[in-house]
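Computed from the coordinates by the stated procedures, all read-outs in this text should not be read as laboratory data. This is a predicted model, so every value here is computed, not measured. Here Cβ is always computed from backbone atoms with ideal geometry, including for glycine, and neighbour counts include all displayed protein chains.
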Amino acid sequence: MHSSSVPHTAVLIGRFQPFHLGHLALLQQALQAAAQVVVVLGSAYQARSPKNPFTWPERKTLILGSLPAADAARVRCVPVRDYYDEPRWVQAVIAAVHTEVPAGARIALVGHFKDATSSYLARFPDWELLSLPRQGAFDGTPTREIYWNLQDLPHDQMWEQLAPLLPASTAQWLRQWQTTPDYAAMRAEWRMIAGYKSAWASAPYPPVFVTVDGLLVCNGHVLLIQRGHAPGKGLWALPGGFVEPRDTLWQSCLRELDEETGLPLAAADMQAALQGCKVFDHPDRSLRGRTITHVFVFHLPGDTLPAVQGGDDAAAARWVPVSELAAMESQMFEDHFHVLRRCFARFGAGPEPALP
């Protein structure tokens, strides 16, 4: 391990939702290959969802808790956001890793080319690639599906299926987390999403959904709604929704703003305030399926914030100071925090929310 022919740092990138035995095997091989391992915890700072139920500090605890103390001391965990923008994500990963690596040290990227989701391994040409074989029949998606127990199996029977996939310390932690309100909320949300998808199961191909959102800025504030229903019940989002069959995108945007916020502005006033429209189409931006949204950006003049009130699918609507947005990142629905960030940068409708 101390030979000059081995890398100083091995990098392991993943979401680890949850950390299973396949992850542990890769981590153990990384520890054998380098003096230290930097584990990049993806999907950091997001609100909990059935796909990303555990915070990055919780995942760090599970990873370090699965190792003997001497090995855990050689592991560094760094969080990285999902930017829904691969070049920016790659830059963030490199920057995070270099905070834990001495200048000029050799770095190797450890991974397994599983499917198209593994293409990120080719995005770091300056790092050596240690491509390892698949470490057993382990996968995060079916592991989570067992954990959400949509079949309503008896508790012991569910754990007979789940426990063999997990390090003992992870299994113990997940058993405890299963008693929390967060587990109940995520299980209910996944049940809703599974039912949503089953309704389209007989379609000849997966549907593509078209939505609209309104980003309104006025006097240093942004108009947000609090979602009243799953998915994302209780989270903050831009007002918006699905395009109606006989509506244009513009008509759908105005309708959603009226229904969800009661915004007392005429269509002509909205047209005058319009800065532009930006499309967000990342394939993984929504758990409901492929969802392409069109964000209409408005800058309302004046110093007075129009009165708003939550309605329809929105439990609440309020004007939020732009200065408070960064602190709300983990309370925001899907990719809406990054929608705000990119629209501010694109249209200059306000200062870009500072990322921690």
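Number of Lys-Lys pairs in the chain with C-alpha atoms under 19 Å apart and a separation of 8 or more places or on different chains: 5.
Amide H contacts of Val39 (H built 1.01 Å from N, in plane; Pro and chain starts excluded): Leu12, Arg76, Cys77, Val78 sit under 5 Å, all sequence-distant by 5 or more or on other chains. Of the trypsin sites (Lys or Arg not before Pro) in the range 209-307, the ones in a loop by DSSP (not H, G, I, E or B) with at most 11 other beta carbons within 10 Å are Arg246. When every Cα-Cα distance of the range 271-339 is counted in 10 angstrom steps from zero, the calculated P(r) takes the values 15, 38, 42, 5 percent. A Gaussian network model of the chain, with springs between Cα atoms under 10 Å, assigns the largest mean-square fluctuation among Pro50, Pro102, Pro167 to Pro102.
Mean-square fluctuations from a GNM of the chain, with a 10 angstrom spring cutoff on Cα atoms, peak among Pro181, Pro57, Pro79 at Pro181. Each residue of the range 240-257 was assigned a 3J(HN,Hα) from its phi angle through the Karplus expression (A = 6.51, B = -1.76, C = 1.60, θ = phi - 60°), giving x, x, 6, 6, 6, x, 9, 9, 7, 4, 4, 4, 5, 4, 5, 5, 5, 4 Hz with x at Gly and Pro. Hydrodynamic radius of the chain by the Kirkwood approach over all distinct alpha-carbon pairs: 22.3 Å. The ellipsoid that matches the Cα gyration tensor of the range 9-139 has semi-axes, each √(5λ) in whole angstrom, of 19, 18, 16, with the longest given first. The translational diffusion coefficient of the range 209-347, from Stokes-Einstein at 37 °C and 0.692 mPa s with a Kirkwood hydrodynamic radius over alpha carbon pairs, comes to 221 µm²/s. Sites counted here are chymotrypsin sites (Phe, Trp or Tyr not before Pro) in a DSSP loop (not H, G, I, E or B) having no more than 15 other Cβ atoms within 10 Å; the longest part of the chain that contains none of them is 201-356. Based on Cα contacts under 8 Å between residues 6+ apart, the range 9-139 shows a relative contact order of 30 percent.
Rg to Rh for the range 1-46: what is it, with Cα atoms only and Rh by Kirkwood? Expressed as Rg/Rh, it is 1.05.
Considering only beta bridges that DSSP places wholly inside the range 9-139, some 0 percent are antiparallel. Taken one residue at a time, the phi angles of the range 321-335 give Karplus couplings (6.51, -1.76, 1.60, θ = phi - 60°) of x, 4, 5, 9, 5, 4, 6, 9, 3, 7, 10, 9, 6, 6, 9 Hz. Gly and Pro are set to x. Restricting to bridges with both residues inside the chain, how much of the DSSP beta-bridge set is antiparallel, in percent to the nearest 5? DSSP beta bridges in the chain are roughly 40 percent antiparallel.
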